[in-house]
1. Take A:Arg91 and decide whether it is surrounded by fewer than 20 Cβ atoms within 10 Å (Cβ to Cβ), over 17 Å from A:Thr223 (Cβ atoms) and facing chain B (nearest Cβ under 7 Å).
2. Is there a residue being in a strand (DSSP E or B) and open to solvent by 10 Å² or more (accessible area, probe 1.4 Å) anywhere in segment A:52-71?
3. Please state which of the following conditions A:Val192 fails to meet, knowing it meets all the rest: (1) modelled with pLDDT under 95; (2) buried (at least 20 other Cβ atoms within 10 Å of the Cβ); (3) of a type in the set (Val, Ile, Thr).
4. Please tell me if A:Glu209 is within 24 Å of A:Asp140 (Cβ to Cβ) and free of Cβ contacts under 8 Å to residues at least 24 places away in the same chain.
5. In segment A:218-236, which residue that is open to solvent by less than 30 Å² (accessible area, probe 1.4 Å) and not hydroxyl-bearing (Ser, Thr, Tyr) is farthest from the other protein chains (Cβ to nearest Cβ)?
6. Of the residues that sit in segment B:45-83 and are within 14 Å of the chain's Cα centre (by Cα) and acidic (Asp, Glu), which one is farthest from B:Lys14 (Cα to Cα)?
7. Considering only helices (runs of 4 or more DSSP H) fully contained in segment A:106-217, which possess at least 3 residues that are in contact with a helix residue (DSSP H, G or I) (Cβ under 6 Å, 6 or more places away or on another chain) and within 14 Å of chain B (Cβ to nearest Cβ)?
8. Looking only at segment B:63-77, count every residue that is among the β-branched types (Val, Ile, Thr) and in contact with a helix residue (DSSP H, G or I) (Cβ under 7 Å, 6 or more places away or on another chain) and tell me the total.
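The values are calculated or read from the model by the stated rules, or taken from the named source; none is laboratory data. None of the values given here were measured: they were computed from a predicted structure. Every residue, glycine among them, receives a Cβ derived from its backbone with ideal geometry; neighbour counts consider all protein chains shown. Surface areas here come from the heavy atoms of the whole protein model, side chains and all, with no ligands, DNA or RNA. Shrake-Rupley method; radii C 1.70, N 1.55, O 1.52, S 1.80 Å.
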There are 2 protein chains.
Amino acid sequence: MTALIIGMGNIGKKLVELGNFENVYVYDRVPKDIPGVIRLDEFQIPSNVDVIVECASPEAVKEYSLQILKSPVNYIVISTSAFADKVFRERFFNELKNSPARVFFPSGAIGGLDVLSSIKDFVENVHIETIKPPKSLGLDLKGKTVVFEGNVEEASRLFPRNINVASTIGLVVGFEKVKVTIMADPATNHNVHIVRISSTIGNYEFKIENIPSPENPKTSMLTVYSILRTLKNLESKIVFG
Amino acid sequence: MTALIIGMGNIGKKLVELGNFENVYVYDRVPKDIPGVIRLDEFQIPSNVDVIVECASPEAVKEYSLQILKSPVNYIVISTSAFADKVFRERFFNELKNSPARVFFPSGAIGGLDVLSSIKDFVENVHIETIKPPKSLGLDLKGKTVVFEGNVEEASRLFPRNINVASTIGLVVGFEKVKVTIMADPATNHNVHIVRISSTIGNYEFKIENIPSPENPKTSMLTVYSILRTLKNLESKIVFG
């Protein structure tokens, strides 16, 4: 499998290290020297690329997606908070209709998207509560505090780097059905997500407590392994979930 | 998409009704008249079949899988408790190595297989607690009672019809890492599953409370929609999780 990875932050570097690729092209706005990869100085899609992984930023999703959708590739998107912007969202899915690409949204830092996407037509509402150390939100607090309560669009304007999980859920069930709570808790040193789904098929609660990656406490390794799973499932003989 | 569905119980009938198939062959040991399908009197795999869905029984999985693995099809397996039998399990995965088939294990009655299969190499243990109405276990009890505690193999011998969820988890992480608790609770009228995953990547707890299907309280509609999702993902332009 030949990949193009957009974004050489912590996730991108881990993918280069752990992914089982024949060739890897990388593109990052800030050129970085990464061993064993082919660095692109300008964004382009080499014709032998099978899969493109975006792990850069919501801005990158907005900037490159429409060009990517013109190519017959598998496109894996991580910075889904780009889709909290309704204008971009509608343009993207409109373009996808006549696109030769397939688009994959991995579960990322959470789980339970298997249930959610199975019963999406029967979901009444989803509440996602994210509990973070105050520092990671740029705050200095003594007690557990509700920092935000509202919908995904508002959350993405105030916390653009912290809302991928809620945006992915919004893409599955519709943004109007998703309520977001962000809590800052000085007693925690890592991110906790609690996803509560009410539907006519059943009620589901997923509690996700990711241990911070030692190299970069802001990135959960679950996100990295979730992308690697999506990559493997493209050609694996055994697919779970 | 042309499908062959093995088993015309509640799940099979729902798949015929809700699946978006061009043609549907069905096979059931007890012939049943189902409108709009092509009934096979003996088990065989018509050459135009793209996907085979087993929703019959662990016995059917054991009886037909090796024949299915000789064909270039997508094979969706539901009655995974067949794999609690180590001899069959090893034979199946050995056969799969040189098989032209791809095998899919949908999340079925639970969720969170996206997380579990992403981090499978880092899982320390999984505990699945299933709470059922005493009647569905053939019991008549006054209070909440632990009916079983042990591993998947033992559980599958004692409750062969109730252990698909635990077996699927066993297939992902290894049967030796899975502990099963079955509780009977007269206060509940439906099945509740609580899956607790400990790993070096994070700790996860998934609570799944399925509302019983009005037509057959023993089958959760989540299982049906989980199979429909796996079918859709085979050709969909958008894949979540």
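1. no
2. Going through segment A:52-71, the residues in a strand (DSSP E or B) turn out to be A:52-54.
Within this subset, residues satisfying the condition of being open to solvent by 10 Å² or more (accessible area, probe 1.4 Å) are none.
No, segment A:52-71 has no match at all.
3. Looking at each condition in turn, A:Val192 falls short on (2).
4. Against the criterion (within 24 Å of A:Asp140 (Cβ to Cβ) and free of Cβ contacts under 8 Å to residues at least 24 places away in the same chain), A:Glu209 qualifies.
5. A:Leu231
6. Going through the qualifying residues, I end up with B:Glu59.
7. On the way: elements: A:113-118, A:152-158, A:164-173.
Where helices (runs of 4 or more DSSP H) fall fully within segment A:106-217 and carry at least 3 residues being in contact with a helix residue (DSSP H, G or I) (Cβ under 6 Å, 6 or more places away or on another chain) and within 14 Å of chain B (Cβ to nearest Cβ), they are A:113-118, A:164-173.
8. Counting residues in segment B:63-77 that are among the β-branched types (Val, Ile, Thr) and in contact with a helix residue (DSSP H, G or I) (Cβ under 7 Å, 6 or more places away or on another chain) gives 2.
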